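Chemist: Mind having a look at this structure? Questions to follow.
The values are calculated or read from the model by the stated rules, or taken from the named source; none is laboratory data. The structure presented is a predicted model; accordingly, all values stated were derived computationally and were not measured. Every residue, glycine among them, receives a Cβ derived from its backbone with ideal geometry; neighbour counts consider all protein chains shown.
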Amino acid sequence: MSEYNVLLIGESWVALSFEIKGRNVLQDSTYEEAAAYLVAALESAGANVEFVPCHAVHEEVPSTVDGLDVYDLVLLSDVGADTLQITPRVAAGETAVDRCKLLAEYVAGGGALGMIGGYMSFAGKCGAARYGRTAVGDVLPVTVARSDDRIEAPDGPHPRPTSSMPGSPPSEWPSILGYNRFEAADDAEVWATVRDDPFLVVGDHGDGSAFAFATDCAPHWAPQTFLEWEYLPTLWASILDRVTE
(Lines give C-alpha, C1' and ligand atoms only; values in the text may rest on other atoms or scores of the structure.)
Protein backbone atom coordinates (compact mmCIF):
# COMPACT_ATOMS: atom_id res chain seq x y z
CA MET A 1 0.00 0.00 0.00
CA SER A 2 1.26 3.47 -0.88
CA GLU A 3 1.98 5.95 1.88
CA TYR A 4 0.81 9.55 1.54
CA ASN A 5 1.49 12.60 3.68
CA VAL A 6 -1.76 14.51 4.11
CA LEU A 7 -2.33 17.89 5.76
CA LEU A 8 -5.93 18.19 6.97
CA ILE A 9 -7.04 21.73 7.85
CA GLY A 10 -10.29 22.65 9.62
CA GLU A 11 -12.96 20.50 11.30
CA SER A 12 -13.01 22.30 14.66
CA TRP A 13 -15.13 24.92 16.37
CA VAL A 14 -15.93 26.59 19.67
CA ALA A 15 -19.60 26.69 20.71
CA LEU A 16 -20.94 29.36 23.06
CA SER A 17 -24.10 28.74 25.09
CA PHE A 18 -26.27 30.93 27.29
CA GLU A 19 -28.51 29.63 30.07
CA ILE A 20 -31.16 32.07 31.27
CA LYS A 21 -32.47 31.67 34.82
CA GLY A 22 -34.83 34.52 35.53
CA ARG A 23 -32.72 37.68 35.54
CA ASN A 24 -29.45 35.76 35.49
CA VAL A 25 -27.60 34.64 32.36
CA LEU A 26 -24.95 31.94 32.63
CA GLN A 27 -22.40 31.57 29.84
CA ASP A 28 -20.42 28.50 28.82
CA SER A 29 -18.28 27.33 25.92
CA THR A 30 -17.14 24.02 24.46
CA TYR A 31 -14.39 23.12 22.00
CA GLU A 32 -15.11 20.35 19.51
CA GLU A 33 -13.41 18.53 16.64
CA ALA A 34 -15.00 16.32 13.97
CA ALA A 35 -12.06 14.90 12.03
CA ALA A 36 -11.87 11.43 13.59
CA TYR A 37 -13.84 9.47 10.95
CA LEU A 38 -12.05 11.16 8.05
CA VAL A 39 -8.63 10.60 9.61
CA ALA A 40 -9.44 6.92 10.21
CA ALA A 41 -10.56 6.44 6.59
CA LEU A 42 -7.46 8.20 5.24
CA GLU A 43 -5.16 6.16 7.47
CA SER A 44 -6.87 2.96 6.31
CA ALA A 45 -6.17 4.11 2.75
CA GLY A 46 -2.45 4.44 3.49
CA ALA A 47 -2.10 8.08 4.57
CA ASN A 48 -0.17 9.74 7.35
CA VAL A 49 -2.42 12.58 8.46
CA GLU A 50 -1.35 15.80 10.15
CA PHE A 51 -4.39 17.62 11.52
CA VAL A 52 -4.47 21.41 12.01
CA PRO A 53 -7.70 22.70 13.60
CA CYS A 54 -9.17 26.04 12.58
CA HIS A 55 -7.78 28.06 15.48
CA ALA A 56 -4.20 26.92 14.77
CA VAL A 57 -4.10 27.72 11.03
CA HIS A 58 -2.00 30.88 11.33
CA GLU A 59 0.65 29.18 13.46
CA GLU A 60 0.79 25.67 11.99
CA VAL A 61 -0.10 25.80 8.28
CA PRO A 62 3.05 26.47 6.21
CA SER A 63 3.39 29.96 4.73
CA THR A 64 5.71 28.92 1.87
CA VAL A 65 5.39 26.54 -1.07
CA ASP A 66 8.47 24.68 0.18
CA GLY A 67 6.65 24.09 3.46
CA LEU A 68 3.62 22.70 1.66
CA ASP A 69 5.69 20.53 -0.65
CA VAL A 70 6.34 18.01 2.16
CA TYR A 71 2.67 16.99 1.79
CA ASP A 72 1.22 14.89 -1.03
CA LEU A 73 -2.24 16.35 -0.38
CA VAL A 74 -3.70 19.34 1.46
CA LEU A 75 -7.33 18.90 2.53
CA LEU A 76 -9.61 21.81 3.46
CA SER A 77 -12.68 20.78 5.43
CA ASP A 78 -15.14 23.21 7.02
CA VAL A 79 -12.69 26.11 7.28
CA GLY A 80 -13.52 29.35 5.48
CA ALA A 81 -11.27 31.51 3.33
CA ASP A 82 -11.24 34.23 6.01
CA THR A 83 -9.33 31.90 8.33
CA LEU A 84 -6.66 31.33 5.67
CA GLN A 85 -6.38 34.94 4.54
CA ILE A 86 -7.02 37.20 7.53
CA THR A 87 -4.01 36.57 9.74
CA PRO A 88 -3.31 38.58 12.90
CA ARG A 89 -0.90 40.70 10.82
CA VAL A 90 -3.57 41.46 8.25
CA ALA A 91 -6.11 42.23 10.99
CA ALA A 92 -3.58 44.72 12.38
CA GLY A 93 -3.31 46.43 8.98
CA GLU A 94 -0.10 44.81 7.73
CA THR A 95 0.59 42.62 4.69
CA ALA A 96 1.01 38.84 4.96
CA VAL A 97 1.06 35.74 2.79
CA ASP A 98 -2.24 34.95 1.08
CA ARG A 99 -2.56 31.23 1.85
CA CYS A 100 -5.23 30.80 -0.83
CA LYS A 101 -2.79 32.02 -3.49
CA LEU A 102 -0.09 29.91 -1.85
CA LEU A 103 -2.22 26.76 -2.16
CA ALA A 104 -2.85 27.57 -5.82
CA GLU A 105 0.92 27.87 -6.42
CA TYR A 106 1.47 24.58 -4.57
CA VAL A 107 -1.02 22.77 -6.84
CA ALA A 108 0.29 24.38 -10.04
CA GLY A 109 3.75 23.13 -9.08
CA GLY A 110 2.62 19.54 -8.66
CA GLY A 111 0.76 19.37 -5.33
CA ALA A 112 -2.76 18.12 -4.67
CA LEU A 113 -5.64 19.96 -3.03
CA GLY A 114 -9.03 18.70 -1.92
CA MET A 115 -12.08 20.32 -0.38
CA ILE A 116 -14.70 18.47 1.65
CA GLY A 117 -18.22 19.80 2.02
CA GLY A 118 -19.70 21.59 4.99
CA TYR A 119 -21.24 24.82 6.24
CA MET A 120 -17.87 26.56 5.87
CA SER A 121 -16.69 24.93 2.62
CA PHE A 122 -17.00 26.04 -1.03
CA ALA A 123 -19.47 28.98 -0.73
CA GLY A 124 -20.98 27.73 2.51
CA LYS A 125 -23.68 29.12 4.74
CA CYS A 126 -24.78 32.55 3.49
CA GLY A 127 -21.76 32.43 1.16
CA ALA A 128 -19.45 33.00 4.15
CA ALA A 129 -16.82 30.40 3.21
CA ARG A 130 -16.19 32.57 0.12
CA TYR A 131 -13.83 30.28 -1.84
CA GLY A 132 -15.36 31.25 -5.18
CA ARG A 133 -13.69 34.64 -4.80
CA THR A 134 -10.21 33.23 -4.08
CA ALA A 135 -7.36 31.50 -5.91
CA VAL A 136 -8.46 28.22 -4.33
CA GLY A 137 -11.69 28.48 -6.29
CA ASP A 138 -9.65 28.75 -9.49
CA VAL A 139 -7.81 25.52 -8.66
CA LEU A 140 -10.77 23.33 -7.74
CA PRO A 141 -12.31 21.37 -10.65
CA VAL A 142 -15.70 22.95 -10.01
CA THR A 143 -17.39 26.34 -10.19
CA VAL A 144 -18.04 27.53 -6.65
CA ALA A 145 -21.22 29.54 -6.08
CA ARG A 146 -21.05 33.16 -4.89
CA SER A 147 -23.99 32.71 -2.50
CA ASP A 148 -25.28 30.07 -0.11
CA ASP A 149 -24.74 26.70 -1.83
CA ARG A 150 -26.05 24.32 0.84
CA ILE A 151 -28.58 21.65 -0.06
CA GLU A 152 -30.34 20.15 2.94
CA ALA A 153 -31.60 16.66 2.08
CA PRO A 154 -33.44 15.16 5.06
CA ASP A 155 -34.96 12.49 2.79
CA GLY A 156 -31.48 10.95 2.42
CA PRO A 157 -30.51 10.73 -1.28
CA HIS A 158 -27.90 8.16 -2.27
CA PRO A 159 -24.77 9.25 -4.18
CA ARG A 160 -24.05 7.05 -7.19
CA PRO A 161 -20.76 6.48 -9.04
CA THR A 162 -20.37 7.25 -12.72
CA SER A 163 -18.50 5.33 -15.39
CA SER A 164 -15.57 7.74 -14.93
CA MET A 165 -14.77 6.39 -11.49
CA PRO A 166 -11.96 3.80 -11.47
CA GLY A 167 -12.28 0.34 -9.99
CA SER A 168 -15.55 -1.40 -9.28
CA PRO A 169 -17.41 0.85 -6.83
CA PRO A 170 -20.77 -0.23 -5.40
CA SER A 171 -23.67 0.99 -7.52
CA GLU A 172 -25.39 2.67 -4.58
CA TRP A 173 -23.74 4.39 -1.65
CA PRO A 174 -25.15 5.10 1.83
CA SER A 175 -27.49 8.06 2.02
CA ILE A 176 -26.42 11.58 2.95
CA LEU A 177 -28.41 14.40 4.53
CA GLY A 178 -26.93 17.39 2.75
CA TYR A 179 -24.17 18.72 0.51
CA ASN A 180 -22.72 21.78 -1.20
CA ARG A 181 -23.97 22.32 -4.74
CA PHE A 182 -21.38 23.18 -7.39
CA GLU A 183 -20.89 22.72 -11.12
CA ALA A 184 -18.14 20.54 -12.57
CA ALA A 185 -15.59 22.15 -14.88
CA ASP A 186 -15.81 21.11 -18.52
CA ASP A 187 -12.52 19.19 -18.40
CA ALA A 188 -13.09 17.58 -14.99
CA GLU A 189 -13.90 13.97 -14.17
CA VAL A 190 -17.22 13.51 -12.36
CA TRP A 191 -16.76 10.35 -10.32
CA ALA A 192 -20.12 10.42 -8.52
CA THR A 193 -23.39 12.33 -8.51
CA VAL A 194 -26.21 12.88 -6.03
CA ARG A 195 -29.64 13.58 -7.48
CA ASP A 196 -28.65 15.55 -10.60
CA ASP A 197 -25.67 17.32 -9.01
CA PRO A 198 -21.94 16.48 -9.05
CA PHE A 199 -20.88 14.80 -5.81
CA LEU A 200 -17.22 13.87 -6.33
CA VAL A 201 -15.22 15.72 -8.99
CA VAL A 202 -11.53 15.32 -9.83
CA GLY A 203 -9.39 17.44 -12.14
CA ASP A 204 -5.93 18.78 -12.96
CA HIS A 205 -4.42 22.23 -12.55
CA GLY A 206 -0.95 22.99 -13.85
CA ASP A 207 1.28 20.10 -12.81
CA GLY A 208 -0.99 19.16 -9.90
CA SER A 209 -4.51 17.95 -9.21
CA ALA A 210 -7.53 18.83 -7.11
CA PHE A 211 -10.88 17.38 -6.13
CA ALA A 212 -14.20 18.45 -4.66
CA PHE A 213 -16.19 16.18 -2.32
CA ALA A 214 -19.66 17.63 -1.83
CA THR A 215 -20.73 16.31 1.57
CA ASP A 216 -19.30 16.54 5.07
CA CYS A 217 -17.00 14.09 6.87
CA ALA A 218 -19.13 14.18 10.03
CA PRO A 219 -22.81 14.52 11.05
CA HIS A 220 -25.24 15.89 10.30
CA TRP A 221 -24.71 15.75 6.53
CA ALA A 222 -22.79 12.46 6.81
CA PRO A 223 -24.80 9.91 8.84
CA GLN A 224 -23.09 7.09 10.72
CA THR A 225 -23.94 4.65 7.93
CA PHE A 226 -21.86 6.76 5.55
CA LEU A 227 -19.02 7.38 8.01
CA GLU A 228 -18.75 3.67 8.86
CA TRP A 229 -19.27 2.44 5.30
CA GLU A 230 -16.85 -0.41 4.60
CA TYR A 231 -16.09 0.96 1.12
CA LEU A 232 -15.09 4.45 2.37
CA PRO A 233 -11.34 3.68 2.81
CA THR A 234 -11.32 2.19 -0.71
CA LEU A 235 -12.93 5.36 -2.04
CA TRP A 236 -10.29 7.50 -0.36
CA ALA A 237 -7.53 5.24 -1.70
CA SER A 238 -8.84 5.82 -5.23
CA ILE A 239 -8.89 9.59 -4.67
CA LEU A 240 -5.39 9.60 -3.20
CA ASP A 241 -4.01 7.50 -6.07
CA ARG A 242 -5.56 9.81 -8.67
CA VAL A 243 -4.59 13.21 -7.29
CA THR A 244 -1.06 12.24 -6.23
CA GLU A 245 -0.07 10.25 -9.32
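Chemist: Before we move on, is Pro166 in contact with a helix residue (DSSP H, G or I) (Cβ under 6 Å, 6 or more places away or on another chain), surrounded by fewer than 18 Cβ atoms within 10 Å (Cβ to Cβ) and assigned to a helix (DSSP H, G or I)?
Modeler: No.
Chemist: Out of the residues in the range 139-169 that are basic (Lys, Arg) and under 19 Å from the mean Cα position of the chain (by Cα), which is modelled with the highest pLDDT?
Modeler: Only one residue fits best here, namely Arg150.
Chemist: Among the residues of the range 99-118, which ones are surrounded by fewer than 19 Cβ atoms within 10 Å (Cβ to Cβ) and either aromatic (Phe, Trp, Tyr) or farther than 20 Å from Thr143 by Cα (or both)?
Modeler: Those that are surrounded by fewer than 19 Cβ atoms within 10 Å (Cβ to Cβ) and either aromatic (Phe, Trp, Tyr) or farther than 20 Å from Thr143 by Cα (or both): Gly109, Gly110.
Chemist: Let me ask something else. Mind listing whichever residues of the range 178-191 are more than 20 Å from Val79 (Cα to Cα) and among the hydrophobic types (A, V, I, L, M, F, W, C)?
Modeler: Ala184, Ala185, Ala188, Val190, Trp191
Chemist: Any idea which of Val107, Val39, Val6, Val70 is in a loop (DSSP other than H, G, I, E, B), within 22 Å of Arg242 (Cβ to Cβ) and of a type in the set (A, V, I, L, M)?
Modeler: After ruling out the rest, the residue left standing is Val70.
Chemist: From the list Trp173, Trp191, Trp221, exactly one residue is assigned to a strand (DSSP E or B) and among the hydrophobic types (A, V, I, L, M, F, W, C). Which is it?
Modeler: Selected residue: Trp191, the only one of Trp173, Trp191, Trp221 that is assigned to a strand (DSSP E or B) and among the hydrophobic types (A, V, I, L, M, F, W, C).
Chemist: Show the residue pairs that are 6+ apart or on different chains and have beta-carbon atoms under 6 Å apart, the first residue being within the range 156-174 and of a type in the set (D, E, K, R), the second being modelled with pLDDT of 95 or more and assigned to a loop (DSSP other than H, G, I, E, B).
Modeler: The qualifying pairs are Glu172/His158.
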